[in-house]
Amino acid sequence: MKRRTWRRFTDHCSCVLSAWTLLCSCLFVPVRTDGVCPSSCACTGLTVTCLSDGQDIPTDIPAWTSTLILHGRNVSTLPQGAFTANGSESEIRTLRLSHNGIRVIEPYAFLGLPRLHLLDLSHNQLETISSRALHGLPELRSLYLNSSVSPGAAAQLAHALNADSLRNLHRLELAGNRLTSIPLERLDIYNLHALVLINNSIESIERENVSSLYQQRRTRVYLALNPFRCTCELEVFYYWLKNSSQCADAGRLLCSEPEARRGVPVEKLRGEDVDCLNENLEAVSYVFLGIVLALIGVVFLMVLYLNRRGIKRWLNNIREACRDQMEVYHYRYEQDTDPRLANVAV
């Protein structure tokens, strides 16, 4: 009886809890109260999707929009307050702007989006990025800039990714941008949990960034498909890779130079392969060997110079001896080839 009573009681509690959860979800789920879906877009729930139509950003985005997707449009410039209508703040939390041909981001382009959590600017052709381009995004958690930053805009990006304006940024993706270094001034002043730098042109990680990574234990870094130069310059990064688990794809990091180590996983290298002290000692030994050989050569030339007369006399004697020997051979040859001399001998 006790078991049946307890089972009925738990079933009753679960039913009450389910009903309460359903009631709360109905009360707190955002509901579209006003605004009409733009004519060039499609609306589903709180998501507005505008694909391949027009060259500008729609100005009639409804106030209830939570997710805005612009894809395949010809938007060359993001001006100040590009997503703010009538100066009012927007409720947009997710903004996807990939494949729009964006080249310029002006200052305060995202002003009026204080609740934005995710910004995707991947697969554009960013040539000019204002240092204040990302200001006004205090709640931004994820920023995607994959295959978007031109080589000339890499330095500008470092100024745009300012820690004061992105203090809550947790995930930063910069894959496929031909970056040669991490475009962040100091990693330890960011709140990053994931830093994606796959498929760039990074040959080594600077000592300052490695020191910051040691301090930022929660940060996970992705570095596959970069042409690492496995020489003495890689020493600090190599030991960080061996002693830390922060690089999530450490097994996929391969050497591109020198030729003898091409294709070798970085974590499989030996300590002496990246030991600066051994490399310097080897260079010093080669220099010392060159100096010794040069001294031996100088001594040999001095000996030749001091004994030049004796050497000249010795060479003359050898020449005279060779000449006498050749004359004897010549005489014998003439005697042997004359037939009359042969008969006289008989």
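The values are calculated or read from the model by the stated rules, or taken from the named source; none is laboratory data. The structure presented is a predicted model; accordingly, all values stated were derived computationally and were not measured. Note that each Cβ is placed from the backbone with ideal geometry, even for glycine, and that neighbours are counted across all protein chains shown.
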If you check residue 186 against the conditions, is it over 25 Å from residue 115 (Cα atoms) and over 14 Å from the mean Cα position of the chain (by Cα)? yes
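To keep it simple, each residue is scored yes or no on (1) buried (at least 17 other Cβ atoms within 10 Å of the Cβ); (2) in a strand (DSSP E or B); (3) at pLDDT 95 or above; (4) of a type in the set (Ser, Thr, Tyr).
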{"residue": "95", "(1), (2), (3), (4)": "yes, yes, yes, no"}
{"residue": "108", "(1), (2), (3), (4)": "yes, no, no, yes"}
{"residue": "111", "(1), (2), (3), (4)": "yes, no, no, no"}
{"residue": "136", "(1), (2), (3), (4)": "yes, no, no, no"}
Looking across the range 97-106 at residues that are assigned to a loop (DSSP other than H, G, I, E, B) and touching a strand residue (DSSP E or B) at 6+ places or on another chain (Cβ under 9 Å), the single one that is surrounded by the most Cβ atoms within 10 Å (Cβ to Cβ) is 97
Run residue 236 past the list (1) of a type in the set (A, V, I, L, M); (2) buried (at least 20 other Cβ atoms within 10 Å of the Cβ); (3) more than 27 Å from residue 126 (Cα to Cα) and report the number of the one that doesn't hold. (2)
Could you tell me which numbered condition residue 233 fails, if it satisfies all but one of (1) closer than 25 Å to residue 177 by Cβ; (2) modelled with pLDDT of 90 or more? (2)
Residues being closer than 20 Å to residue 152 by Cα and part of a loop (DSSP other than H, G, I, E, B): count how many of those fall in the range 113-134. 11
Any idea which of 320, 257 is over 30 Å from residue 193 (Cβ atoms) and either at pLDDT below 85 or aliphatic (A, V, I, L, M) (or both)? 320
Could you please find all residues in the range 264-303 being in a helix (DSSP H, G or I), of a type outside the set (A, V, I, L, M) and at pLDDT 85 or above? 267, 268, 297
Note on the range 194-216: residues in a loop (DSSP other than H, G, I, E, B), under 23 Å from residue 242 (Cβ atoms) and under 15 Å from the mean Cα position of the chain (by Cα) are 197, 198, 200, 202, 203, 204, 205, 206
Testing residue 172 on (1) surrounded by 18 or more Cβ atoms within 10 Å (Cβ to Cβ); (2) part of a loop (DSSP other than H, G, I, E, B); (3) modelled with pLDDT of 90 or more, one condition comes back false. Which one is that? (2)
Taking the options 177, 191, name whichever one is more than 13 Å from the chain's Cα centre (by Cα) and either modelled with pLDDT of 90 or more or surrounded by fewer than 18 Cβ atoms within 10 Å (Cβ to Cβ) (or both). 191
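Yes/no matrix, rows are residues, columns are (1) crowded, with 21+ Cβ neighbours inside 10 Å; (2) among the hydroxyl-bearing types (Ser, Thr, Tyr):
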| position | (1), (2) |
| --- | --- |
| 115 | no, no |
| 128 | no, yes |
| 145 | yes, no |
| 150 | no, yes |
Would you say residue 143 is in a strand (DSSP E or B) and out of contact with any Asp or Glu (no Cβ under 6 Å at 6 or more places or on another chain)? yes
